[in-house]
Amino acid sequence: MAADDRHPSISERAAAAVRLAQNGIKAMTTEKTLQTIVERATAAVTLRPALGQGTDTTVVHLRAGPTCEVEGGSWKIVTDLTPELGGSDNHPGPGVLFRAALGSCFAHTAALWAAKLGVPIDHLDVAVEAHHDARGLLGVDGTAPRFTGLRYQISVESPAPEEDVQRVLDAAHAHSPVNDSLEHALTIEHDVQIVTPGSS
């Protein structure tokens with residue numbers, strides 16, 4: 001592997017983030033600044049593909065309730081089930097997070113491509129519908145537990161011509177990682193470790 005193609009270390013990524021911050025790139029950005037960020041990121045991963053490649057891990061801990069504590073990087077959230085399934089409904093369930101991941105990934109991707117294509121977007125809402133059948137979760141009648149259908153409802157406000165806005169939405173649909181992963185089903189691998197209490 002060539003030196004320029006190796007995966008950057010955490011310290012290198014942190015240093016790069018500091019340099020970006022020192023160059024005046026803030027968390028809250030204007031359209032022009034976002035366009036600059038997207039252009040720089042595109043140029044960087046074109047020149048050095050390894051900069052855009054990596055593996056992210058989210059860890060889930062089952063707790064009483066039943067609830068789950070979810071850790072991803074510096075973020076922590078709690079998930080829950082509805083009372084009909086033994087939960088308290090005090091926190092979002094996996095279905096909410098699934099729909100949120102799909103919808104927010106589309107919206108974020110649309111924002112990036114709007115900046116990339118120079119199309120102003122004043123407002124964008126994405127509603128995600130997921131059709132389900134609880135019999136699959138509970139093992140009834142051989143029903144598959146998967147969602148039986150997914151649908152976006154997108155509302156956009158923009159001063160740009162309709163065809164330009166549609167180009168942004170088409171690009172978001174084509175380049176959203178979550179959307180693409182669902183449309184081209186991945187093989188999910190399972191590594192299992194079973195520990196007997198007191199054996200360690």
Inset, instruction - Hey, can you tell me all the residues within region 95-126 that are in contact with a Ser or Thr (Cβ under 6 Å, 6 or more places away or on another chain) and outside any loop (DSSP other than H, G, I, E, B)? - result: C105, F106, T109, D125
Inset, instruction - Could you give me the residue pairs with C-beta distances under 7 Å whose first residue belongs to region 131-143 and is on the phi < 0 side of the Ramachandran plot, whose second residue is outside any loop (DSSP other than H, G, I, E, B) wherever it lies, and which are 6+ apart or on separate chains? - result: H131/G149; T143/R135; T143/G136
Inset, instruction - Considering each residue of region 139-176, count those that are at pLDDT below 95 and in contact with a Cys (Cβ under 8 Å, 6 or more places away or on another chain), and give that number. - result: 0
Inset, instruction - Return yes when T143 is farther than 15 Å from S104 by Cα, more than 21 Å from the chain's Cα centre (by Cα) and assigned by TED's automatic domain parsing to the domain that holds L102 and no when it is not. - result: yes
Inset, instruction - Return a yes/no flag: does region 159-181 have any residue that is loosely packed, with under 11 Cβ neighbours inside 10 Å, in the same structural domain as F98 (by TED's automatic domain parsing), within 15 Å of F98 (Cα to Cα) and free of Cβ contacts under 8 Å to residues at least 40 places away in the same chain. - result: no
Inset, instruction - Identify all residues within region 62-91 that are more than 21 Å from the chain's Cα centre (by Cα) and in a strand (DSSP E or B); write none if there are none. - result: L62, R63, T67
Legend entry - Candidates R151, R135, R63, filtered to the one that is charged (D, E, K, R) and within 19 Å of S181 (Cβ to Cβ): R151
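The values are calculated or read from the model by the stated rules, or taken from the named source; none is laboratory data. Keep in mind that what you see is a predicted model, and the values were worked out from it rather than measured. A quick note on method: Cβ atoms are made from the backbone with ideal geometry, for glycine too, and the neighbour counts reach across all protein chains shown.
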